[in-house]
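Quick note: the coordinates plus some simple rules give every number you see, no bench work behind them. Values in this document were obtained by computation on a predicted structure and should not be read as measured data. Glycine also receives a Cβ, built like all others from the backbone with ideal geometry; neighbour counts cover every protein chain displayed.
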Amino acid sequence: MELITITVLGIDYKINCPVDKVDSLKRSAVLLDSKLTTMRASGKMSIEQAAIMVGLNLADELLQSEASLKSMRSQWVGQLDSLNDKLGEALSQKA
């Protein structure tokens, strides 16, 4: 574990983090800080309200990405099945 400091809305947080996740945590903190700063600048809301809105937006983006990946995965499986069928037909014709 590594103790790192991240800054969100000007507040420093010390967090213990697995060494292999440090870069990801730092990038996540930068993204969160940016989105919170933008959200707070867009209207008068508390930090808590901005955090909820940013959390909801990020959760929505995650769900949309998961749905998109599921759809792509399904398409790839269909294409692989089709190629496998064609390969099977070609091999059976040679035999």
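Summary of values
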| read-out | value |
| --- | --- |
| P(r) histogram, all alpha-carbon pairs of segment 2-94 included - 10 Å bins from 0, percent | 14, 26, 23, 14, 11, 8, 4, 0 |
| The chain: angle of helix 22-41 to the longest principal axis, Cα-based, in degrees nearest 10 | 60 |
| Whole-Å distance, taken between Cα centres, linking segment 1-18 and segment 62-78 | 33 |
| The chain - mean residue ellipticity at 222 nm from DSSP helices (-39,500 (n - 2.57) per run, n ≥ 4, rounded to 500) | -26000 deg cm²/dmol |
| Listed residues Leu91, Met53, Ala67: farthest to the positive end of the dipole of segment 51-95 (Cβ charges) | Leu91 |
| Phi-based couplings in Hz for segment 73-78 (Karplus 6.51, -1.76, 1.60; Gly and Pro marked x) | 4, 5, 5, 5, 4, x |
| Eligible lysines near Lys86 by straight Cα distance, threshold 23 Å, same-chain separation 8 or greater | Lys94 |
| Stretchable slack from Glu2 to Ser24, in nm (0.36 nm times residue separation minus alpha-carbon distance) | 6.6 nm |
| Computed magnitude of the charge dipole of the chain (debye, nearest 20; Cβ of K, R +1, Cβ of D, E -1) | 140 |
| Neighbourhood charge, 12 Å Cβ-Cβ cut-off, centred on Leu80 and excluding it, Lys, Arg +1 and Asp, Glu -1 | 0 |
